[in-house]
Structure formats: structure tokens, C-alpha cells
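The values are calculated or read from the model by the stated rules, or taken from the named source; none is laboratory data. These numbers come from a predicted model, not from an experiment. Ideal geometry is used to build each Cβ from the backbone, glycine not excepted, and the neighbour counts take in all protein chains shown.
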Amino acid sequence: MGRFILVDGYNVIGSEGRFRKNREVLAHERIRLIRLLEEYRSRMDEDVQITLIFDGFAPERESYRSSGGGLSVLFSEEEGSADSVLVRLAMRYREQAVVVTSDREVIDRAQQEGSRVVGAREFMARVGQRTLPRPPSYPAPEKTGDDDPDDSRKDGKKKGNPRRLSKKERARRRTLQNL
């Protein structure tokens with residue numbers, strides 16, 4: 001079974017500072033986000049499914065059908081809010097899900113179910129990296145013998161590598177890397 005990326009649509013739009021109460025502007029932002037995620041999805045593995053979830057009902061004049069390309073667009077409709085749909089899907093997919101939101105309550109509930117969580121801004125930064133052509137990679141500079149981690153310990157109370165990221169930060173970066 002594949003991976004599932006569950007995206008809180010209006011949360012992502014709002015995180016970019018593009019949230020407006022004008023319906024036409026909001027409709028334009030929804031379409032822009034859908035197109036951006038379709039392009040992002042086209043560059044991913046076949047087993048990845050992206051579900052974009054918005055609050056409320058789908059506008060009648062806008063067509064939101066799944067293109068079959070791994071991107072589905074849902075509206076919360078009778079369930080009340082996109083948050084409840086996100087939590088329900090996180091409960092269904094558990095460890096296979098990555099929930100994209102900046103809503104603290106949704107983050108806590110999704111993590112309780114075993115899903116990984118990525119902030120809306122971090123996700124959009126990653127989408128921007130994936131949709132643009134990649135710059136050429138250069139070899140890493142060679143290490144010199146001057147970097148001894150034991151030199152930084154003065155009082156001897158702390159243990160471990162002080163340059164190593166925390167376990168939580170390494171897990172967060174791994175999740176972003178896999179998107």
C-alpha cells in the first residue's frame with residue numbers, strides 16, 4: 001500500500017498570506033493550489049496519493065473531480081470542517097499518512113494516531129523545490145581533522161554529539177525529504 005499526503009487546503013493558502021474573504025480571489029487560490037499540487041504529484045512515485053481537503057461545499061461552477069493522477073480534492077460538506085476530515089483520514093491511514101497543516105489541534109490528533117505531520121509553510125517550500133528545476137549538485141567539501149566533537153565538552157556533563165540534530169528534528173527532516 002502507498003503513502004498518503006493529506007493537505008488542509010485553506011490552511012496552506014492562509015500560510016502563504018493569500019487568504020482573502022473575496023470569493024473570486026479564494027476560488028483563484030484554490031485552483032492555483034490544485035494546479036501546483038498536480039504538478040508536484042506528477043514528479044512523485046506512483047504509490048503516493050495526495051488528498052487536498054477544503055472546508056464547506058464545493059462551488060457549483062467549479063469542477064473538482066479527481067483527475068486520476070493521484071490527486072483528490074475533497075470538501076468537508078456535512079462533516080463540518082476540513083479538520084474533522086483530516087483527523088478521520090489520519091485515523092484510517094495511520095503511519096502511512098503525512099498530514100499537512102499548521103492547526104495545533106489537528107497536529108496533536110494526527111500524531112496520536114501515528115501519522116507524521118508537516119507544517120503548511122514547510123510543505124509549500126518543499127513543493128516549490130520539487131516543481132522548479134533542480135540546481136546541479138556539487139560534491140561536499142572534504143572534512144579536515146580539526147573538527148573533534150570532544151573539544152566542545154568543557155564540563156563533561158553533556159554526552160553525545162553536540163552537532164547532531166535532535167531525534168525529533170531528524171524525524172521531521174526525514175519526513176520532508178520523503179515528500
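Any residue that is at pLDDT 80 or above and exposed (fewer than 10 other Cβ atoms within 10 Å of the Cβ) - is there at least one of those in the stretch 139-153?
no
Please enumerate the residues belonging to the stretch 157-171 that are touching a helix residue (DSSP H, G or I) at 6+ places or on another chain (Cβ under 8 Å) and closer than 24 Å to I5 by Cβ. Listed by number, the list holds a single entry, L165. Filtered by the rule that a residue be surrounded by 15 or more Cβ atoms within 10 Å (Cβ to Cβ) and more than 14 Å from V12 (Cα to Cα), the stretch 22-38 gives a lone residue, E38. Restricting the stretch 77-111 to residues that are in a loop (DSSP other than H, G, I, E, B) and of a type in the set (G, A, S) leaves a set whose member that is surrounded by the fewest Cβ atoms within 10 Å (Cβ to Cβ) is G80.
Considering only the stretch 58-91, state which residues are acidic (D, E) and at pLDDT 80 or above. First the steps, then the outcome.
Just the residues of the stretch 58-91 that are acidic (D, E), to begin with: 60, 62, 77-79, 83.
Answer for the stretch 58-91, where residues must be acidic (D, E) and at pLDDT 80 or above: E77, D83.
Would you point out the residue of the stretch 1-29, among those that are among the charged types (D, E, K, R) and at pLDDT below 90, that is nearest to S115 (Cα to Cα)?
Taking the candidates together, the pick is R3.
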